[in-house]
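Pasting a structure below so you can have a look.
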Amino acid sequence: MAENTVLEVQELTREFTRRGKPFAAVDHVDFRLGQGEFVAIVGRSGNGKSTLLNLITGLLKPTSGSIDLDGNDVTRLNDKQMSVVRNRIVGFVTQSQTLLPNLTALDNVILPSVLCNGKTAQRDVEIPADSSDAKSVEETVSDASSEQTVDDGLPDVIAAAPVSKTHNDPVQDHAMERAHALLRRLQVDDLAECYPKELSGGEMRRVSIARALMNGPKLLIADEPTGDLDAESTAIVMRLLQEVAHDGTAVLMVTHDPDALTYVDRIYRMDRGVLAEA
Ligand SMILES: Nc1ncnc2c1ncn2[C@@H]1O[C@H](COP(=O)(O)OP(=O)(O)OP(=O)(O)O)[C@@H](O)[C@H]1O
């Protein structure tokens, strides 16, 4: 793998079965992304874009092929090790809304830093063989959503999280400053103390982007990050993603938005599972 490569997928294939017939949602995809590159994938609905992102983030297992993420063979990591990778190396802005309802916008943004004890990715990350306590934001969100009575009490991992109210800890103070700075850059810092239900779709989306950037990921994956944003908010988000790439993070975005495409270095098209440069 070349020295500045953050992500390399080779011959990546994922088959599903529909009405008894197998088909490849992702079909022998080869793709490389280096530090600081900003790349978009476009393609009609149902052509395999989300499946590709879920494979890269280890949320889905491939049928065949390889995925190397910052020197880690994703297909060989166990679930706990993959959680560490997801938390420290990758920031993921998902298409659907995944903010935790019981945390303020600020605490949602701080959460990834709490989950990895203030360790961030812009340095070499060692993936421990036994990461028994590891949880990624995606798993925490999924744990929280499976709680029957969300309002009665938080799941342990959230309840234990030293969120923004706890002071006098330099690591937490630093996390809080960083979270506020990200919210400011996305022009939603005045909403820091609001709960997700008090935010519009576009505001929630911007808070989610701040959360994905909290740990300074080496790879930022964004699935339709401007989906519910107006032109002005789209420009704010895209300029931020451009700056993030300029600072060295590899950015991989799936989008249908022609305005968003004007900011990227390269565009790929996904057509029936096959990826090619547009
Ligand atoms: N778990 C599954 N089982 C069977 N088929 C699936 C499964 N997940 C996705 N598919 C199919 O795989 C294909 C690719 O789906 P995918 O969600 O990756 O498309 P997409 O390009 O991201 O679409 P969109 O732009 O609408 O989000 C679709 O035909 C979809 O129906």
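Show me the trypsin sites (Lys or Arg not before Pro) within the range 1-64 that DSSP assigns to loop and that have at most 16 other Cβ atoms within 10 Å of their Cβ.
Working: sites: R14, R18, R19, R32, R44, K49; in loops: R19, R44.
Within the range 1-64, the qualifying trypsin sites (Lys or Arg not before Pro) (loop, at most 16 other Cβ atoms within 10 Å) are R19, R44.
Also: Between C194 and L261, what's the calculated FRET efficiency when r is the beta-carbon distance and R0 is 51 Å? Round to 0.05.
0.95
Then there's this: If Lys and Arg each add +1 and Asp and Glu each add -1, what is the summed charge of the other residues whose beta carbon sits under 9 Å from the beta carbon of A245?
Overall, the nearby charge balance is -4.
With respect to the cross-link table entries K80/K218; K21/K218; K61/K197, which display a Cα-Cα separation exceeding 29 Å?
Long pairs (Cα-Cα over 29 Å): K21/K218; K61/K197.
Starting from the 7 Å offset along Cα-to-Cβ, what nm value, one decimal, do you get for the label separation of E277 and N78?
4.1
At 7 Å along the Cα-to-beta-carbon direction for both D230 and R18, put a label point, then send me their distance in nm to one decimal.
The two pseudo-label positions are separated by 3.7 nm.
Just subtract the alpha-carbon distance of S66 and D173 from 0.36 nm times their residue separation and send over the number in nm, one decimal.
Contour length minus the Cα-Cα distance gives 34.6 nm.
Evaluate the distance, in nm, between pseudo-label points positioned 7 Å from the Cα of Q10 and of R184 along their respective Cα→Cβ axes.
Simple spin-label model gives 4.5 nm for this pair.
Still on this structure, I have one more. I need to check one value: relative contact order of the range 164-273, counting alpha carbon pairs closer than 8 Å and at least 6 residues apart, in percent.
Contact order relative to length: 23 percent.
Read the figures in this text as sums done on the coordinates, not as results from a lab. Not measured: the values here are computed from a predicted model. Ideal geometry is used to build each Cβ from the backbone, glycine not excepted, and the neighbour counts take in all protein chains shown.
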